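Data block below; observations after.
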Amino acid sequence: MKCFRLADTSIDVDAEKAALGHAAAGGCVTFEGWVRDHNEGRVVRRLDYQAYAPLAESEGEAILAEALERFHVREARCIHRVGSLAIGDLAVWAGVSADHRDAAFAACRWIIDEVKLRVPIWKNEHYADGESGWLHPDNTPVVTSEYSR
Amino acid sequence: MNYQMLYFASLADRAGRAEEVRDSAARTPRELYAEVAAAHDFTLAAERLRVAVNGAFVAWDHALADRDEVVFLPPVSGG
């Protein structure tokens, strides 16, 4: 079963959390990444996420498999949205279940960090002044004006 | 050889397209990136990119084959 997915519709958090269930698990840690209305001092109106889907899915699965090896966790899952998102929308969800909380917190943190670092997904921020820009870390935008297209 | 190119994010904006078939004498991703960067005025240095062939990450000196799907990946910004 796929544990990492790209989703072009809203993430069903209850279903994802239920899939973390394991008789040996003493708890779960989940992370929700939301679309915020500002970045680098600019007002953000909405976001688009684009992914190179085949590689994003295989790299996401690889991260979750590595998490199961590196940490004493029972289940690990992650869903990332693609397409157009509004302020407040859930953009990414990661969750792990584990026998004890230390491993659960550590693994969840590690998974979201690795996803942001390795999975080929790109964020295009649309700003209040009409400009937009694809972000490329150091998280500064490569700005192109929507009016010039 | 013909390569199926896919472009994402700022590279797609620069190229003005999301994909193209490219007839090229390049034999490695490094040679191919130099060619497409010149053709589409890409400003991202190869050192800032990763490259994937047929859906898997490869090294810049990977030997390309005819009809390979080649993707130059700008620094990612998911999450």
Fill in: Hits in segment A:93-123 - residues which are of a type outside the set (V, I, T), within 14 Å of chain B (Cβ to nearest Cβ) and part of a helix (DSSP H, G or I)
A:C108, A:R109, A:W110, A:D113, A:E114, A:K116, A:L117, A:R118
Worksheet item: In this structure, does B:R27 turn out to be more than 25 Å from A:C78 (Cβ to Cβ), free of Cβ contacts under 8 Å to residues at least 12 places away in the same chain and in a loop (DSSP other than H, G, I, E, B)?
Response: no
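Just to check your reading of the model, which residue among A:L90, A:L68, A:L135 is surrounded by fewer than 19 Cβ atoms within 10 Å (Cβ to Cβ), touching a strand residue (DSSP E or B) at 6+ places or on another chain (Cβ under 7 Å) and within 13 Å of chain B (Cβ to nearest Cβ)?
Sole residue among the options that is surrounded by fewer than 19 Cβ atoms within 10 Å (Cβ to Cβ), touching a strand residue (DSSP E or B) at 6+ places or on another chain (Cβ under 7 Å) and within 13 Å of chain B (Cβ to nearest Cβ): A:L90.
Residue by residue, here is whether (1) surrounded by fewer than 18 Cβ atoms within 10 Å (Cβ to Cβ); (2) at pLDDT 95 or above; (3) touching a His at 6+ places or on another chain (Cβ under 7 Å) holds:
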site: A:F4; (1), (2), (3): no, yes, no
site: A:A24; (1), (2), (3): yes, yes, no
site: A:V35; (1), (2), (3): no, yes, no
site: A:R42; (1), (2), (3): yes, no, no
site: A:A53; (1), (2), (3): yes, yes, no
site: A:S58; (1), (2), (3): yes, yes, no
Practice prompt. Answer yes or no as to whether A:V43 is away from chain B (no Cβ under 14 Å) and of a type in the set (A, V, I, L, M).
Written response: yes
Discussion item. Every residue in segment A:1-50 that is closer than 17 Å to A:V119 by Cβ and part of a loop (DSSP other than H, G, I, E, B), please.
Written reply: A:K2, A:C3, A:D8, A:I11
Practice prompt. Please verify whether segment B:6-19 includes one or more residues that are surrounded by 15 or more Cβ atoms within 10 Å (Cβ to Cβ), of a type in the set (S, T, Y), in a loop (DSSP other than H, G, I, E, B) and in contact with a Leu (Cβ under 6 Å, 6 or more places away or on another chain).
Written response: no
Item to complete: Among residues belonging to segment B:20-43 that are surrounded by fewer than 19 Cβ atoms within 10 Å (Cβ to Cβ) and closer than 22 Å to A:R118 by Cα, point out the one that is farthest from the other protein chains (Cβ to nearest Cβ).
Response: B:R30
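I'd like the full set of residues that are assigned to a loop (DSSP other than H, G, I, E, B) and within 11 Å of another protein chain (Cβ to nearest Cβ), limited to segment B:44-59.
B:L44, B:L49, B:N54, B:G55 - these are the residues of segment B:44-59 that are assigned to a loop (DSSP other than H, G, I, E, B) and within 11 Å of another protein chain (Cβ to nearest Cβ).
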Discussion item. Six or more apart or on different chains, Cβ atoms under 9 Å: show the pairs whose first residue is in segment B:60-77 and within 20 Å of B:S10 (Cα to Cα) and within 14 Å of chain A (Cβ to nearest Cβ) and whose second is surrounded by fewer than 18 Cβ atoms within 10 Å (Cβ to Cβ) and aromatic (F, W, Y).
Written reply: B:L73/B:F57
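Conditions (1) modelled with pLDDT of 95 or more; (2) among the charged types (D, E, K, R); (3) closer than 28 Å to B:V53 by Cα, marked per residue:
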| position | (1), (2), (3) |
| --- | --- |
| A:H80 | yes, no, yes |
| A:A106 | yes, no, no |
| A:K116 | yes, yes, yes |
| A:A128 | no, no, no |
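The values are calculated or read from the model by the stated rules, or taken from the named source; none is laboratory data. This structure is a prediction, so every number in the text was calculated from the model and none was measured. All Cβ positions, glycine included, derive from the backbone under ideal geometry; neighbour counts span all protein chains shown.
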